[in-house]
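Working notes for the structure below.
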Amino acid sequence: MKRGIQIIGICLMLIFVMAACSSPAVKQQEAQPTWKIAIQLTGDKTIEFTDLNVAAIGTADIKATLKKKDGTAKEQQWTGVALSKVLEHVGVKSYSTVVVEAADGYNKEYTPDLVDSPGTVLAVAADGTPLDAESGPVQLVVDGKGGNWWIKQVAKITVNE
Ligand SMILES: Nc1nc2c(c(=O)[nH]1)N[C@H]1C(S)=C(S)[C@@H](COP(=O)(O)O)O[C@H]1N2
Ligand SMILES: [Mo]
């Protein structure tokens, strides 16, 4: 008799736990991305790349230099993931060029040598500070290149076959 009550008790607990796990209140606590970038792969397949992917890959800090028009240079520490790692993460094996596009439509095409450079990074912070709305949440950093190569507010990446 005691054993029967124990079994019923355990069953009730299991049912309670299962109900709690599938309830909307618990579902809401699942991690939601705070930003998204569309990656258009070859063959017209578009996927989402988010801050959760960045967390899964892991960020690194690099020093990158922005070449200014007046001939001077500005060096900052940038936190992010290398563009080559992003492509690797989403399973890109071969491509001719990659186009990185901003929310305002500004875009530039990158050849494999630039994409593979460790100084080409999807950055989320500069000198330890998260990027503001003007530059971020994600900015493409291209070490050693002029400002026209540095895409602010990255919205889309297109992988060309
Ligand atoms: N989203 C976005 N990023 C952009 C641009 C733009 O028009 N839109 N212009 C580029 C060019 S041509 C330059 S020179 C720099 C200007 O950066 P600054 O405003 O910080 O000087 O941003 C680059 N990134
Ligand atoms: Mo520019």
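The values are calculated or read from the model by the stated rules, or taken from the named source; none is laboratory data. Fair warning: this is a prediction, and the values are worked out from it, not measured in the lab. Positions of Cβ are backbone-derived with ideal geometry, glycine not excepted, and every protein chain shown enters the neighbour counts. Accessible surface is based on the protein model in full, side chains and every heavy atom, while ligands, DNA and RNA are left aside. Shrake-Rupley method; radii C 1.70, N 1.55, O 1.52, S 1.80 Å.
Give all pairs with beta carbons closer than 6 Å in which a residue from segment 103-120 that is touching a residue at least 12 places away in the same chain (Cβ under 8 Å) meets a residue that is among the hydroxyl-bearing types (Ser, Thr, Tyr); count only pairs at least 6 apart in sequence or on separate chains.
Qualifying pairs under 6 Å: Glu109/Thr97; Thr111/Thr97; Leu114/Thr120; Val115/Ser84; Asp116/Ser84.
Residue by residue through segment 53-77, note down the ones that are away from ligand 1 (no atom under 16 Å from the Cβ) and open to solvent by 70 Å² or more (accessible area, probe 1.4 Å).
Within segment 53-77, the first condition is being away from ligand 1 (no atom under 16 Å from the Cβ), and the residues that meet it are 53-63, 77.
Once the filter is applied, which keeps residues that are away from ligand 1 (no atom under 16 Å from the Cβ) and open to solvent by 70 Å² or more (accessible area, probe 1.4 Å), segment 53-77 yields Ala55, Ala56, Thr59, Asp61, Lys63.
Suppose we filter segment 102-124 for residues that are surrounded by 19 or more Cβ atoms within 10 Å (Cβ to Cβ) and either within 16 Å of ligand 2 (Cβ to nearest atom) or not in a helix (DSSP H, G or I) (or both); how many remain?
Selection size over segment 102-124: 6.
I'd like to check something: does segment 78-101 contain any residue that is closer than 19 Å to Gly144 by Cβ, open to solvent by less than 40 Å² (accessible area, probe 1.4 Å) and part of a loop (DSSP other than H, G, I, E, B)?
No, there is no match, as no residue in segment 78-101 is closer than 19 Å to Gly144 by Cβ, open to solvent by less than 40 Å² (accessible area, probe 1.4 Å) and part of a loop (DSSP other than H, G, I, E, B).
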